Structures are given as C-alpha cells and as structure tokens.
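One structure is given below, encoded as structure tokens.
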Amino acid sequence: MLQVLSIALSALLAHTAHAASTQTSTAFDQSGVIVEVHSFFKAAAQDRDPAAASADGVAGRALVTASGVYAFLETPENQQLLAKTKPGSVVHIKGKLLEKGALLHIDALKKTSQISLDLDLAGLRNAPGRSIALKGTNKCQCGLDVADLPHSCSLGHLHHLEADDGKTYHYLQFAQGKDTFLGHDTHFKDVEVKGRIFPGQFLLIDKIKVN
C-alpha cells in the first residue's frame, strides 16, 4: 500500500512540476567534445579521491562546445546514444536544450572530425570555479522541472538542485556530492549548499545543510 502511495505521489509531483514550468526547451545543433566531468575540471578533482563512474553512464558526461558546457539528463534515450561514445570523442549533437539547467536531450548523435576553432577546451578545463551559496530543493526527475524535455527516473532517482535563483545545478560526485546526487537523506528536501560552480552549472559541494 505504501509503495502504491509513493508511486502515485511521484506521478503527481512530476505532473505538477512539468505542467507548471515557465520555460520550454530550444533547438540544439552543435559540435563539441564529450568529456567525463569528474576528471575534466582540474580544480574540482584536485586533492579529492576519484569519483566513481555513475552507474547510469550519463550523469558523469558532458558536452563541451564553443558556446559552453552542457549536462545530459539521465534518461534511457540519452544513455543509449552515449553508451558507445567514449570521453574525448568529437561529436555533432542535435536535440533540445533547457537553458536554465544547461541540460541536453539528444535526438541525434554522430561522430565527426570537425570542430569549431573557437572551442577553448583548455580554458574551460582549467576554470577555478566560482564560490557560491545556494538555497533550493534536491529533486529527482519525479518532480524536477525539466519543461518539455523527455524525463524518466527509470535509471534511478538521480538528483539535481532546483535552486531558488531559478536555475538547475548538477552535482559533481565527490564526497557529499555523491550522496546528494543519490538523494540520501535529501530526497525532495530543502537544502542550503555552499561550494563552487563550474561551467555547465556543475556544482562542487563544500558544505550542505538540510532544512
């Protein structure tokens, strides 16, 4: 009975969040490099134990292009298209972008040998991160506002910070970031986070308070 109620509540939260979204996605059509974020940002990985690869195979990946860094939503569709794409691969991706989260849904991915000469891969990799203090709610896709992007928790209840500033942030899975990503003791709870923000709205947690 409790399981049925939990499923029903999750469905209601998802319907409410996506119906109430104030932003829709935009078309995305760019070439770039697939990276593993936990080793890509040098300042985040420095003096920290290596983060284990995410079991979903999506959350640890990002696309770096001449216009910025983009995270992938943890969906079966994205997982399938990224499964055979190794970090360091140059690709062309068409899909949908939710700008408030720098979040991508892939419609088509193909490997390519062409890339913009404006891509500053070294500059992005060496970004020091910006100190930030955020308040928001730790949500999985059962209630995370991803507007019209396809969404699913079938790969697990994997969490993002839906912050009071209207943006969505993605946890770098070092130390507390891993537990917060998995929703341990924080599932749909209000939190206060201090840490550093990296390109693509990737968040390195230094301290977290659950309210």
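The values are calculated or read from the model by the stated rules, or taken from the named source; none is laboratory data. Source: prediction; values computed, not measured. When we count neighbours, we look across all protein chains shown, and the Cβ atoms used for this are built from the backbone with ideal geometry, even at glycine.
Some notes on this structure:
- Here the strands (runs of 3 or more DSSP E) wholly within segment 115-211 that include at least 2 residues being surrounded by fewer than 16 Cβ atoms within 10 Å (Cβ to Cβ) are 130-139, 190-198, 202-210.
- Test: residue in segment 77-94 that is touching a residue at least 60 places away in the same chain (Cβ under 8 Å), among the polar types (S, T, N, Q) and out of contact with any His (no Cβ under 8 Å at 6 or more places or on another chain): yes
- Sole exception among (1) closer than 21 Å to Glu99 by Cβ; (2) not assigned by TED's automatic domain parsing to the domain that holds Leu104 for Leu119, by number: (2)
- Unmet requirement for Ala52, which otherwise passes all of (1) in contact (Cβ under 8 Å) with a residue 40 or more places away in the chain; (2) surrounded by 15 or more Cβ atoms within 10 Å (Cβ to Cβ); (3) closer than 28 Å to Cys153 by Cα; (4) among the aliphatic types (A, V, I, L, M): (2)
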